[in-house]
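Structure record follows, encoded as structure tokens.
The values are calculated or read from the model by the stated rules, or taken from the named source; none is laboratory data. Here the structure is a predicted model, which is why all the values come from computation and not from measurement. Note that we place each Cβ from the backbone using ideal geometry, even for glycine, and neighbour counts take in every protein chain shown.
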Amino acid sequence: MKHVLVLERDQATQLELTELMRQHEMRTTHVTDSNHLLGVLSNHAVDALLLEIATDEMVSTIHHLIELTSAPILIVGAEKTVEEEKVRGLDAGASDYICKPIGTREIVARVKAAIRDKGDINHRRERRSYEFGDYELLIRQRLLIHSDSGEVRLTIAEFNLLTAFLANPGIILTRERLLAASRLHEGEISDRSLDALILRLRRKIEIDPAHPLLIRTVRGHGYLFDCKVTFEVKAQPKRPSKAET
């Protein structure tokens, strides 16, 4: 089931969106502000973001979010939004700019289209990936793929943590270094919660999380990723021109 993160101040619209998205096999999480949004992103994988944000925060918020997630960002603007404001949002990296008033059915249709289009874009992108065991981690798409079971959904913190391990296989990484690699912003990840984060990641990639073979604990020093890792860059093949067909 697709997961949509919604920042929408009108409660009636929130309830209507939640019910309509449920009917389309999507679930929603509603947040109240940017900090709440980042907190949810750190702990939950999302497929799209639907945001009603102030115009003076729009560009900086979009820039921050596209560094954290590849999920499409849809901005909801006021009824009389000027064209220049829409262009700023789209140029900043938003997938769509929706102006009120708009029906909830159209909003849901646009969210579904953005998710579908994002998948097509990710498929066409250059493949930069780490491979280890039966897994492949696609960097730009932020996707972890198992050769048998398919996509393994990761939160932002889990993705950042796994990337830090894959970039340093066979090297002991201190808790301080892993904290720095995993956090979204200052105070997001505490020393106490690092162990919980590693446990969550182990549950997703280890055959037996209680007896981990990939992410090993090195007592008194930190953690070590114990697996052969390869890094590959694969350019997507060009489409043939008319002369070649």
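Within the stretch 22-49, which residues are farther than 22 Å from THR61 by Cβ and either among the hydrophobic types (A, V, I, L, M, F, W, C) or in contact with a Lys or Arg (Cβ under 9 Å, 6 or more places away or on another chain) (or both)?
HIS24, GLU25, MET26, ARG27
Collect the residues in the stretch 51-73 that are hydrophobic (A, V, I, L, M, F, W, C), touching a residue at least 24 places away in the same chain (Cβ under 8 Å) and not in a helix (DSSP H, G or I), keeping them in residue-number order.
The answer is LEU51, ILE53, ALA71, ILE73.
Of the residues VAL4, VAL46, VAL76, only one is touching a His at 6+ places or on another chain (Cβ under 7 Å) and not in a helix (DSSP H, G or I); which?
The conditions single out VAL46.
Here are LYS86, LYS118: which of them is in contact with a Pro (Cβ under 8 Å, 6 or more places away or on another chain) and among the basic types (Lys, Arg)?
LYS118
Got a sec? Which of ARG192, ARG202 is at pLDDT 95 or above and of a type in the set (D, E, K, R)?
On inspection, the qualifying residue turns out to be ARG202.
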